[in-house]
Amino acid sequence: MTEPYTLTLSEMTAAIRRKKLSPVELAESLLARIDSLESAVKAWVTIPRASLLKEARRCEQEAARGKFRGPLHGIPIGVKDIFYTAGIRTTGGSKIFEKFVPEFDSTAVARLKKAGALILGKTATTEFAMADPAPTCNPWNPTHTPGGSSSGSAAAVATSMCPGALGSQTGGSVLRPAAYCGVVGLKPTAGRISRYGVFPLAYTLDQVGVLARTAEDAALLLTSLSGFDPRDPVSSREPAADYARLRPPARRPLRIGLIRAFYKKNSAKAVWRNLEDALKKISRAGAWVEEVKMPASFAAVPDAHHIIQKAEAAAFHERLFERHRDLYRPKLRELIEVGLLVPGIDYLRAQKIKGLFRREMKMVLKDYDCLISPATSSAAPKGLASTGNPWFQVPWSLSGLPTVGLPSGLDSQGLPLAIQLIGKPFEEGPLLAAARWCEEVIGIALYRKLIEQ
C-alpha cells in the first residue's frame, strides 16, 4: 500500500473525497514521516500533535457523512513561523517572541482553515524572515543551505513531511529555498494574498507565497488563499479564480521571453546549461521562445530594493530594537542600524524606481505569456551561515509580479536546479497553466527522488 505521505496534495484531496484515505490516516502518516526525518532536517519549530489529530478526527467524521469543509478538507499544511496561528506558538524565528502565542489567525491561515486544511505545524524561518539562518538543513545535502527565509517550509515539502506550506518573500524567500530544495515555489502578484497577521519585514515588499511539490498543488493552495482583505491596506480587489482548472491557450503555442541579460552573466555554468536544456524541451514541445530586452530601470533594481528593505525594516523594528537590541541576531541588527540612517530622499527615489520598473515590465510582458530565467545563480551553496543570494528573485519582489519556480534538474553534486517563470500582474491563472505545461514537458519531479532514498 502506498504511504499517504508520498501522495501529492492533489492526490490527497481526491483520495479523501473518494473516501479512499482518511484525514486521520493522513495526519498520522505525516507525523511518522516527521519523526523519522526531523532530527536531521530541522524543518519544524512547533507541531501541535494533539490538536492536529483531534481536528483530523472531526474531518474524518464529516467526510464519512459526505460533508466537506472545502477543497482542502483534512489536508495538513505547514505554516512558516511568522504567520499568526491562534493558540499555537509563533516565534518569528526570534528569541524576543519565543513564548508568544497569538489569540487570532492570520488571514492566510484562516483561509486555509476555511478551505478545510489542518495546521500541521510551524516551520522554521530566518529571524523575522531576514538573513540570519534558521537551523534547517538542505535535505539533499545537510552541509548545504536550504535557502531562506522560508527554510523549514521548503525542506518540509521536499522531504514529504507535508504536502504544502505557507511562505513569504521580500527578496527571494519563497523561490530561492524552493529551488535549493527541489520543490515548486509560487509568489503571486503583490496584494493577491493578504499579509494581515504576518510579522512584517519591509511593508511595501513583503508578499505571501506557497511551496508545494507540483504546480497543480500550488494552484490549489492559491485558490483557497486569494481574495481581498480590508485589513491589509495593499490587498487587491482584482478577482481571483479557480487556478487549478486553467490551461494554456489551445489555439497557439506559448509565447515565452528569455531573460538573458544579467542572468547568464551571473549564473554558474551548470545553471545556465540546465536552463538551455529546459528551453530545448520547451521549444521542441511547441513553445515559441525568443530573447527579451529588459528596460533601462532593470539596472537600478538591486539598489532600490536594498534601500527600501533596509528603511522599512528599520521603521518597523525601531521601538522593539530599542528594548531588545541584544536579542537580535547580527545580520538583522546590522540591517536595522543601517536602515535607521537611510535619508528620506534616497527612500523616495527608490520607490520611484520601483514604480517605473513595474510599469516598464508590464510593457515588456504584453507580447508574452510569461518570461523565463534561472531561479537561482547556483545550486544551494555549501555552509549553513548564509541562505544564498536572492538577486535572481529581487526584480519580481520589487515589481510585485507573479513568479513560479520549477525544479528542472540536478547539478554534478546532486543538488537541485530550477527555472522561474514570470507572469503579468494578477494573471496567476495563465502563469500557472504555463508552469504546469512546462513541468510536464521538462519531466522532473525531484521530490520523488527523496521519497525513494
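Annotations
- Test: residue in the range 313-333 that is crowded, with 21+ Cβ neighbours inside 10 Å and within 22 Å of G400 (Cα to Cα): yes
- Considered as a group, the residues in the range 54-82 that are in a helix (DSSP H, G or I) and open to solvent by less than 40 Å² (accessible area, probe 1.4 Å) include one that is nearest to C181 (Cα to Cα), and that residue is A56.
- Among the residues of the range 9-30, the ones that are within 18 Å of V157 (Cα to Cα) and out of contact with any strand residue (DSSP E or B) (no Cβ under 8 Å at 6 or more places or on another chain) come to 6 in all.
- Residue in the range 37-49 that is in contact with a Gly (Cβ under 9 Å, 6 or more places away or on another chain), open to solvent by 50 Å² or more (accessible area, probe 1.4 Å), charged (D, E, K, R) and modelled with pLDDT of 95 or more present: yes
- Boolean, R176 is touching a residue at least 40 places away in the same chain (Cβ under 8 Å) and over 30 Å from E318 (Cα atoms): no
- Selection within the range 417-453 - out of contact with any Phe, Trp or Tyr (no Cβ under 6 Å at 6 or more places or on another chain), at negative phi and not in a helix (DSSP H, G or I): L417, A418, I419, Q420, L421, G423, K424, P425, E427, I444, A445, Q453
- Scope the range 193-218; condition under 27 Å from L332 (Cβ atoms), more than 13 Å from the chain's Cα centre (by Cα) and open to solvent by 10 Å² or more (accessible area, probe 1.4 Å); matching residues: R195, Y196, G197, V198, F199, P200, Y203, T204
- From the list A285, A278, the lone residue that is open to solvent by less than 10 Å² (accessible area, probe 1.4 Å) and under 26 Å from T376 (Cα atoms) is A278.
- Under the condition of being in contact with a Lys or Arg (Cβ under 8 Å, 6 or more places away or on another chain) and basic (K, R), the residues counted in the range 367-384 number 0.
- Residue ranges of strands (runs of 3 or more DSSP E) in the range 156-274 with at least 3 members touching a Cys at 6+ places or on another chain (Cβ under 9 Å): 255-258
- Among residues of the range 49-73 that are among the acidic types (D, E), those with a beta-carbon under 6 Å from a residue that is modelled with pLDDT of 95 or more at least six positions away or on a different chain give the pairs E55/L118; E60/S22; E60/P23; E60/V24.
- Residue among L401, L371, L341 that alone is among the aliphatic types (A, V, I, L, M), in a loop (DSSP other than H, G, I, E, B) and under 25 Å from the mean Cα position of the chain (by Cα): L401
- Among the residues of the range 288-304, the ones that are farther than 15 Å from L421 by Cα and either open to solvent by 80 Å² or more (accessible area, probe 1.4 Å) or assigned to a helix (DSSP H, G or I) (or both) come to 10 in all.
- Considering L221, L258, the condition of being over 22 Å from E290 (Cα atoms), in contact (Cβ under 8 Å) with a residue 40 or more places away in the chain and open to solvent by less than 20 Å² (accessible area, probe 1.4 Å) is satisfied by L221 alone.
- Taken over the range 347-388, the criterion of being touching a Leu at 6+ places or on another chain (Cβ under 7 Å) and open to solvent by 20 Å² or more (accessible area, probe 1.4 Å) is satisfied by K354, D369.
- Residue in the range 83-92 that is farthest from L211 (Cα to Cα), counting only those that are in a loop (DSSP other than H, G, I, E, B) and of a type outside the set (S, T, N, Q): G87
- Number of the exception - A278 against (1) outside any helix (DSSP H, G or I); (2) touching a helix residue (DSSP H, G or I) at 6+ places or on another chain (Cβ under 7 Å): (1)
- Residues satisfying the stated conditions in the range 404-416, i.e. assigned to a loop (DSSP other than H, G, I, E, B) and open to solvent by 10 Å² or more (accessible area, probe 1.4 Å): D411, S412, Q413, G414
- Qualifying residue in the range 17-38 (condition: under 30 Å from P330 (Cα atoms) and in a helix (DSSP H, G or I)): yes
- Unique match (being on the phi < 0 side of the Ramachandran plot, among the basic types (K, R) and either in contact (Cβ under 8 Å) with a residue 60 or more places away in the chain or surrounded by 18 or more Cβ atoms within 10 Å (Cβ to Cβ) (or both)) among R18, R33: R33
The values are calculated or read from the model by the stated rules, or taken from the named source; none is laboratory data. Keep in mind that what you see is a predicted model, and the values were worked out from it rather than measured. Cβ atoms come from the backbone with ideal geometry, glycine included; neighbour counts cover every protein chain shown. The area values use the complete protein model at the heavy-atom level, side chains included, leaving out ligands, DNA and RNA. Shrake-Rupley method; radii C 1.70, N 1.55, O 1.52, S 1.80 Å.
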